[in-house]
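The values are calculated or read from the model by the stated rules, or taken from the named source; none is laboratory data. Just so we're clear, the structure is a prediction, and the values are computed from it rather than from any experiment. All Cβ positions, glycine included, derive from the backbone under ideal geometry; neighbour counts span all protein chains shown. Each accessible area value is taken on the protein alone, full model and side chains, heavy atoms only, with ligands, DNA and RNA left out. Shrake-Rupley method; radii C 1.70, N 1.55, O 1.52, S 1.80 Å.
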Amino acid sequence: MPNLRTSVTLLLLLAAQVSFWTPGLSYELFLTLSGYLAINFMSITMLLATRPPWLESPLGGLDRMYQLHKWTGILAVTFALSHWLIEMADDSLEALFGTDRSLKEADFSGLLDSLQDGAEDLGEPGLYLLAFLVVITLVRWVPYGFWRYLHRVMPLIYLVLAAHALLLAPLKWWQQPTGWLMALLITGGAVASLQSLTGQIGKSRRYKGLVQAVKQTSANITEVVCDIGNQWPGHKPGQFALVTFNRIEGAHPFTLSSADTGSGQVGFQIKALGDYTRKIPQRLRSGQAVTLEGPYGRFDPGRGRKNAQQIWVAGGIGITPFLAAMESRLTTTDPESSPVALHYCTSGATEDPVVARLQDLEKQLPELALHIHDSRQGQRLNADGLQIQSQKVDIWFCGPQGLAKALRRGLKNRSLSLQFHQEVFEFR
């Protein structure tokens with residue numbers, strides 16, 4: 001389910017579209033309203049897929065933009081299926097609610113009539129393809145490498161359905177705000193589709209460089225250092241980049257685990273979570289070309305409320321943004337750095353190389369209090385283990401969803417001024 005911010009945004013988007021609608025009851029009204037909402041949400045989905053920088057701050061980062069993209073896509077398919085079902089039940093709905101001749105589809109002749117017939121014929125198969133692509137995206141049965149190629153068909157399907165909507169919309173819409181809004185959104189969606197088909201999305205934020213070092217620090221963690229040179233715009237702790245080591249495999253999001261030093265060198269701690277990441281130690285070599293797109297993200301552990309207790313919680317590879325934040329503290333001389341309690345959850349502290357690194361950082365940062373929770377020793381973190389000592393608390397979390405939910409449940413009934421910061425790191 002979407003989080004509160006995404007749910008509110010979806011409701012606002014729906015309310016904004018419906019506010020242009022003239023209420024009534026008829027078969028044509030139900031048919032055109034469902035089609036109107038379907039193509040509008042498809043257009044918004046296409047626009048979000050272009051990763052517009054100006055939307056990152058209001059939406060809370062690229063991770064939340066992609067979550068919104070996912071749910072606008074789900075709503076688009078829901079309304080499109082409703083549109084199809086309403087059309088299938090035309091006789092029954094006409095008998096129940098009557099008809100509205102003013103909402104009949106436009107009646108063209110000549111070339112436009114032929115185009116209209118074609119758009120009508122392509123609408124149904126376009127809907128089937130759209131529903132199929134959304135379903136395989138949600139169930140994740142198709143491996144990412146194959147899925148991303150299938151997903152590239154989406155702009156073509158959108159353009160077909162946009163033509164269907166434009167050619168079959170009632171003529172009177174083009175003299176009303178309803179039609180103006182739909183036309184504006186379809187124009188944006190069409191531009192976004194062309195950007196996607198020509199590979200322009202994110203192009204202005206791509207930087208080419210070389211892999212400088214590859215080191216397997218543990219059985220399932222690989223440290224990769226890349227040299228992007230002076231073209232790299234710099235990054236903040238907690239941000240991530242879309243990294244392409246192999247053009248066929250495509251870009252993958254990895255959190256930047258090193259602080260920005262201005263040298264153009266960036267580091268990643270990559271955990272073996274799937275086929276692609278498991279093969280990185282064998283496939284990557286020093287001197288190999290790499291492309292980074294970004295930096296993206298608004299997860300900044302160094303940005304907390306004044307006088308709030310700062311608690312960082314990392315589970316496994318979720319330690320990466322906090323490593324960057326701690327390294328950043330070492331390179332800046334800020335006498336007012338707020339005290340931080342870092343809780344690191346691992347499954348084998350004695351073999352985990354990150355533990356030694358954290359202990360070394362704790363010695364260099366007097367404001368840092370480190371707490372190690374080793375699940376092999378039965379040391380599982382819960383809300384009580386956070387040792388909350390203030391009524392105003394900022395928690396920065398990066399780790400497994402199960403742990404996040406458990407902590408949220410444990411804190412739910414406490415009378416705290418609490419902010420729980422967590423990225424939604426799901427890109428399909």
| Looking only at segment 346-357, which residues are touching a helix residue (DSSP H, G or I) at 6+ places or on another chain (Cβ under 7 Å), part of a loop (DSSP other than H, G, I, E, B) and not polar (S, T, N, Q)? | GLY348, ALA349
| query | Out of curiosity, is LEU133 modelled with pLDDT of 75 or more, surrounded by 12 or more Cβ atoms within 10 Å (Cβ to Cβ) and over 16 Å from HIS83 (Cβ atoms)? | reply | yes
| For segment 207-237, which residues satisfy the criterion of being within 28 Å of GLY348 (Cβ to Cβ), open to solvent by 20 Å² or more (accessible area, probe 1.4 Å) and of a type outside the set (A, V, I, L, M)? | LYS215, GLN216, THR217, SER218, ASN220, GLU223, PRO237
| said: Under 6 Å between Cβ atoms, which residue pairs at least 6 apart in sequence (or on different chains) link something in segment 13-33 that is more than 21 Å from GLY98 (Cβ to Cβ) with a partner that is surrounded by fewer than 18 Cβ atoms within 10 Å (Cβ to Cβ)? | reply: PHE20/PRO177
| What tally of residues in segment 358-386 results from selecting those that are of a type outside the set (Asp, Glu), assigned to a loop (DSSP other than H, G, I, E, B) and free of Cβ contacts under 8 Å to residues at least 60 places away in the same chain? | 7
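With more than 19 Å from SER286 (Cα to Cα), among the β-branched types (Val, Ile, Thr) and touching a helix residue (DSSP H, G or I) at 6+ places or on another chain (Cβ under 9 Å) as the only criterion, which of THR187, THR217 stands out?
Just a single option satisfies the conditions, and that option is THR187.
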| request: Consider THR178 carefully, then state whether it is without any contact (Cβ under 8 Å) to a residue 60 or more places away in the chain and farther than 19 Å from GLY267 by Cβ. | output: no
| How many residues does segment 257-284 hold that are buried (at least 17 other Cβ atoms within 10 Å of the Cβ) and of a type in the set (Asp, Glu)? | 1
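Kindly indicate whether THR222 is of a type in the set (Ser, Thr, Tyr), in a strand (DSSP E or B), at pLDDT below 90 and touching a helix residue (DSSP H, G or I) at 6+ places or on another chain (Cβ under 7 Å).
Answer is no for this residue.
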| From the residues in segment 142-161 that are touching a residue at least 12 places away in the same chain (Cβ under 8 Å) and β-branched (Val, Ile, Thr), which one is surrounded by the fewest Cβ atoms within 10 Å (Cβ to Cβ)? | VAL153
| request: Could you check, for segment 238-256, whether at least one of its residues is more than 26 Å from ARG148 (Cα to Cα) and open to solvent by 20 Å² or more (accessible area, probe 1.4 Å)? | output: no
| request: Assess whether GLY304 counts as being closer than 25 Å to HIS373 by Cβ, touching a Phe, Trp or Tyr at 6+ places or on another chain (Cβ under 6 Å), not β-branched (Val, Ile, Thr) and not in a strand (DSSP E or B). | output: no
| message | I'm checking my understanding of the structure. Among residues of segment 40-99 that are closer than 30 Å to TYR27 by Cα and acidic (Asp, Glu), which one is surrounded by the fewest Cβ atoms within 10 Å (Cβ to Cβ)? | response | ASP91
| query | Within the bounds of segment 326-334, is there any residue that is of a type in the set (Val, Ile, Thr) and at pLDDT 90 or above? | reply | no
| field | Tally of residues being in a loop (DSSP other than H, G, I, E, B) and of a type in the set (S, T, N, Q) across segment 239-298 | value | 8
| field | Any chance GLY287 is touching a strand residue (DSSP E or B) at 6+ places or on another chain (Cβ under 7 Å), over 30 Å from LEU150 (Cβ atoms) and open to solvent by less than 40 Å² (accessible area, probe 1.4 Å) | value | no
| request: Output yes when any residue across segment 1-20 is open to solvent by less than 40 Å² (accessible area, probe 1.4 Å), part of a helix (DSSP H, G or I), at pLDDT below 90 and among the charged types (D, E, K, R), and no when none is. | output: no
| message | Could you list, ordered by first residue, the pairs with Cβ atoms under 6 Å in which the first is in segment 42-60 and touching a residue at least 12 places away in the same chain (Cβ under 8 Å) and the second is surrounded by fewer than 22 Cβ atoms within 10 Å (Cβ to Cβ) and assigned to a loop (DSSP other than H, G, I, E, B), at least 6 apart or interchain? | response | THR50/ILE201; ARG51/GLY202; GLY60/ARG298
| Exclusive hit being of a type in the set (Ser, Thr, Tyr) and farther than 19 Å from THR331 by Cβ, set THR255, THR244 | THR244
| request: Taking the options LEU129, LEU181, LEU150, LEU156, name whichever one is within 19 Å of LEU103 (Cβ to Cβ) and assigned to a helix (DSSP H, G or I). | output: LEU181
| task | Would you please name the residue that is surrounded by the most Cβ atoms within 10 Å (Cβ to Cβ), looking only at residues in segment 393-410 that are among the aliphatic types (A, V, I, L, M) and assigned to a strand (DSSP E or B)? | result | ILE395
| field | Candidates ALA349, ALA356, ALA324, filtered to the one that is of a type outside the set (Lys, Arg), loosely packed, with under 13 Cβ neighbours inside 10 Å and closer than 21 Å to GLN216 by Cα | value | ALA356
| request: Please find, within segment 169-183, the residue that is farthest from LEU130 (Cα to Cα) out of those that are open to solvent by 30 Å² or more (accessible area, probe 1.4 Å) and aliphatic (A, V, I, L, M). | output: LEU171
